[in-house]
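What follows is a short report on a single structure.
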Amino acid sequence: MNTSLWADQAELGINFPKLGHSLETDICIIGAGFTGLWTAYWLTELAPQLTITILEANFAGFGASGRNGGWFSALFPSDMDKIAMSSDATSAVALQKEMNANVVRSGEVISKLGIDCGWAHEGSLNIARNKAQLNRATAEIAYWRKWGFDGSDYRFIPKSEFENKYRITNQLGAIFTPHCARIQPAKLVKGLVNELTKRGVKIFEQSPVTDFSAHQVTVNGFQVKTNWVVRATEAYTANFKKYKRDVIPVYSLMIATEPMPEAIWDEIGLHGETFADLRHLLIYGQRTADNRFAFGGRGAPYHFASKISPELDRNPKVHTEIRKVLDELFPMIKPFKTTHTWGGPLGIPRDWYARVDFDEVNQIATGGSYVGDGVGTSALAGITIAEKIAGVDSIRQHLPWINRQSKKWEYEPIRWIGANVGLRVMGIADVEERITGKPSVAAQMFSPFIGHV
Ligand SMILES: Cc1cc2nc3c(=O)[nH]c(=O)nc-3n(C[C@H](O)[C@H](O)[C@H](O)COP(=O)(O)OP(=O)(O)OC[C@H]3O[C@@H](n4cnc5c(N)ncnc54)[C@H](O)[C@@H]3O)c2cc1C
């Protein structure tokens, strides 16, 4: 079985040789997910004279980049107050504006390269489905206004207007933002890989890096000598002993339905807009380019000692629960089968704050820790890393996600207990709010531990 619906459709798999000799290169990128691929893409644009080698443990798109929900969003996984607290208000606004611009810029690149990945830049809906969620929606709109973003960035669609367009149960209105595109992520991986190959980038698959330091990378028992090392291993970072407590891999799981007829979609009303509701335990969905629902959610447990393994990609209990939630939102789709179930790990740092790091002395760059918002953020990381290496100054070189320090995660078993209690509390909080209509006390108490403050 393949790693996702997307990987099946794009026929992801091994296409490049295993590294079987030592070599020298200007840039050595570890990991062929979006972070590694976008970094390589922007380097070929900004410094075409450099030789670039990508080393991938499995195959390009094996990780979260080939498995995700396909939201190419402008969501940065830390709120503006938290960003401003660690920098200043102007820098926080600049970061969000860059996230918004990043969607447009990446769409232009995808179109210029002719990558057919179902790109639909039609925005995103975050739906309120009980009173507590409605209160959160109102607060969120006020929050964006406080930070200077107007109705062209985030707008509340009242219930009556929403129901003229969409059919989703219990809706009380929704926040709409245009800053999101829907994609088929594995096709984007494939398109970028094809382009990079044409531009002379060397890719080696089944080539797991076991160690690296300044100018030196060890892989399959061979040495790669390089000027810059770029580590782009997100959730898999914990596999390196020296980074064991830097990020925890948390699984997100997804399902896809069979393609559904146009009449069903006319009733539902969705086109290229991605959708979620304002519950605590995240859900996310899209109508795919071939008229399925692809829908996912958190809820799978964190696995002891940051374990990552193919048998954890599928969890029948959680997958059944995810399908139940989808049927609850759209009861008219009950007759249509689930054709695919899958999942994968995403990386969460202790401070729940994505970052790009530059160790300029040793010339080691890192992008990752996107907390589930990595599809767009990895493209911003890629251009930021490429500019640094190419010596190009821009506003991106001064954004407040560069060279941040995060505490490390606790040792086990505290890490396991904390992460899983957090996930349970969020699930309980959603039930509490559905029943009482009031903001969950449990969620408020626990929010400092799950990055909400
Ligand atoms: C189910 C799911 C749904 C998601 N939905 C969304 C979404 O809709 N929108 C969104 O913004 N984000 C989403 N995310 C998160 C997003 O997909 C990731 O944050 C993003 O793809 C990370 O890209 P990356 O290149 O940094 O890491 P990855 O795509 O994980 O790539 C890392 C690569 O490094 C390789 N690797 C690891 N260790 C080594 C080593 N030692 N040597 C060589 N190679 C190595 C891996 O095999 C892998 O291919 C989702 C994640 C999951 C799992």
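Every read-out reported here was derived from the displayed coordinates using simple, explicitly stated rules and does not represent laboratory data. Just so it is clear, the model here is predicted, and its values are computed rather than measured. With ideal geometry, Cβ positions are generated from the backbone for all residues, glycine too; neighbour counts draw on all protein chains shown.
Under 5 Å between amide H atoms, partner at least 5 residues away or on a different chain: which partners does Phe336 have, H built in plane at 1.01 Å?
When sequence neighbours closer than 5 places are left aside, there are no close amide H contacts.
If you plug each phi of the range 93-101 into the Karplus form 6.51 cos²θ - 1.76 cosθ + 1.60 with θ = phi - 60°, what whole-Hz ³J(HN,Hα) values come out, in order, with x for Gly and Pro?
Each residue of the range 93-101 in turn: 5, 4, 5, 5, 5, 5, 4, 5, 5 Hz.
I need the calculated FRET efficiency for the pair Asn420 and Lys159, taking r as the beta carbon distance and R₀ as 30 Å, to the nearest 0.05.
On the way: r = 36 Å, r/R0 = 1.20.
Once the sixth-power term is evaluated, E becomes 0.25.
Need the list of lysines near Lys334 for cross-linking: C-alpha distance under 16 angstrom, and skip anything on the same chain fewer than eight residues off.
List returned: Lys324.
Show me the ranking of peptides 13-24, 208-219, 244-255 by mean Cβ neighbours inside 10 Å, starting with the highest.
Ranking the peptides 13-24, 208-219, 244-255 by packing returns 244-255, 208-219, 13-24.
Straight-line reach from Lys307: which lysines fall under 20 Å, measuring Cα to Cα and dropping same-chain residues less than 8 apart?
Lys241, Lys242, Lys244, Lys317, Lys408
Quick check on the chain: helices-only [θ] at 222 nm, where DSSP H runs of length 4 and up contribute -39,500 (n - 2.57) each and the sum goes over total residues. Nearest 500, please.
Working: 12 runs with 154 residues, N = 453.
The helix contribution divided over the chain gives -10500 deg cm²/dmol.
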